[in-house]
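Note sheet for the following structure.
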Amino acid sequence: MLSFVLGSGRCGSTLVTELVARHPDVGFVSNVDDKLARLNLKGQWNNALFARSAERDPSLRPFRDRRRPLERGRLRVAPSEGWVVLDRQVSNIFPQPCRDLTARDATPWLTGRITDFFDSRMQAQGKPHFVHHLTGWPRSGLLRSAYPDARFVHVVRDGRAVCNSWLQMGWWDGYRGPDSWYLGPLSPGDREEWEASGRSFVVLAGLGWRLLLDAMDEARRLVPDDQWLDVRLEDLMDTPRETLGQVLDFLGLEWSAEFEAGFRLHTFQASRGLAWKRDLGDEQAALLEGVIARPLTRYGYPLLHSHAQ
């Protein structure tokens, strides 16, 4: 079975992917596979090496930087989104398209490249389940054209926290403006909203998050109910065993003794609560909440400002 963990970025989808990848029955694309994309590695030992690296590093925390393959002078194998290897072995349509990828993009050539990429790795790794992590657009329409039975776990985090984090990340390209960022041009209505804010970058981050969440909702509408699961990061932090158990059940994986050993390596820190309000200040936080009030409410996040609609 092939499953995908989706998220907006800075939402906790990396944590969920790594937790699922602790399961002995799960294969995945690793950071080493991605760094050595020219070699087209199939990751035969990814799961075992990930388990061994975790055993030697019991201080794991959910939001540490996992982008570097070298930690403390040693190689750490961990799940990766695999943008470099996907670009090289599948198509450069994958990493940063200007819109979501749908069934309309599923040409026979591209579908064949996708199935060749994942099938070869699933066969080499010999695991009954394979999980891949993707952030940004859902891309589920294209992926379901290649794998109609694929399952999708969508990880959601409070959009105010996500946008606050984006604004602090060196890779966030919103500071170049919506004519240059990877999400593509704003709709006339969104453009008007951004211009009316004085071209606020806080508002632009909110518009970007809203755009991605709307795309996720549209993607979910086209997927059978038993193939899509929404998971809130805050629920995982508050009740990790219960929430992760729901994810495993959805994926058809058992909570085995071996998985329990890997699960215990993670420390689940309580939510940072209103850190975004402290970082942004009351005025900008209220402005942001007004932009993303609709998806916040849809996913069960309470609004703090009565004027937000």
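The values are calculated or read from the model by the stated rules, or taken from the named source; none is laboratory data. The model shown is predicted, which means the values in this text are computed figures rather than measured ones. Every residue, glycine as well, gets a Cβ built from its backbone with ideal geometry; the counts of neighbours run over all protein chains shown.
Observations on the structure shown:
- Of all residues in the range 236-263, those being among the acidic types (Asp, Glu) and either surrounded by 16 or more Cβ atoms within 10 Å (Cβ to Cβ) or not in a helix (DSSP H, G or I) (or both) number 1.
- All positions within the range 264-288 that are assigned to a helix (DSSP H, G or I) and either among the β-branched types (Val, Ile, Thr) or over 22 Å from the mean Cα position of the chain (by Cα) (or both): Lys277, Arg278, Asp279, Leu280, Asp282, Glu283, Gln284, Ala285, Ala286, Leu287
- The set of residues from the range 157-183 being of a type in the set (Gly, Ala, Ser), closer than 14 Å to Arg210 by Cβ and surrounded by fewer than 22 Cβ atoms within 10 Å (Cβ to Cβ) comprises just one member, Gly174.
- Options Pro58, Pro62; residue that is in a loop (DSSP other than H, G, I, E, B), buried (at least 17 other Cβ atoms within 10 Å of the Cβ) and modelled with pLDDT under 95: Pro62
- Scope the range 67-103; condition polar (S, T, N, Q) and either part of a loop (DSSP other than H, G, I, E, B) or at pLDDT below 95 (or both); matching residues: Ser80, Ser91, Asn92, Gln96, Thr102
- Considering residues of the range 107-134 that are surrounded by 18 or more Cβ atoms within 10 Å (Cβ to Cβ) and touching a helix residue (DSSP H, G or I) at 6+ places or on another chain (Cβ under 7 Å) only, the residue nearest to Ala215 (Cα to Cα): His133
- Any chance Glu289 is in contact with a Gly (Cβ under 9 Å, 6 or more places away or on another chain), modelled with pLDDT of 90 or more and farther than 30 Å from Arg151 by Cα: yes
- Complete set of residues in the range 85-108 that are among the acidic types (Asp, Glu), more than 16 Å from the chain's Cα centre (by Cα) and more than 26 Å from Leu39 (Cβ to Cβ): Asp105
- Members of the range 215-235 that are part of a helix (DSSP H, G or I) and touching a helix residue (DSSP H, G or I) at 6+ places or on another chain (Cβ under 7 Å): Ala219, Asp235
- Qualifying residue in the range 89-98 (condition: in contact with a strand residue (DSSP E or B) (Cβ under 8 Å, 6 or more places away or on another chain), surrounded by 15 or more Cβ atoms within 10 Å (Cβ to Cβ) and on the phi < 0 side of the Ramachandran plot): no
- Scanning the range 163-176 turns up no residue that is in contact (Cβ under 8 Å) with a residue 12 or more places away in the chain, out of contact with any Asp or Glu (no Cβ under 7 Å at 6 or more places or on another chain) and at positive phi.
- Residue count for the range 9-52 satisfying the condition of being assigned to a helix (DSSP H, G or I), under 17 Å from the mean Cα position of the chain (by Cα) and among the aliphatic types (A, V, I, L, M): 5.
- Helices (runs of 4 or more DSSP H) contained entirely in the range 127-210, each with at least 1 residues that are of a type outside the set (Asp, Glu) and closer than 23 Å to Leu253 by Cα: 140-146
- Any chance Trp194 is surrounded by 12 or more Cβ atoms within 10 Å (Cβ to Cβ), of a type in the set (Phe, Trp, Tyr) and within 23 Å of the chain's Cα centre (by Cα): no
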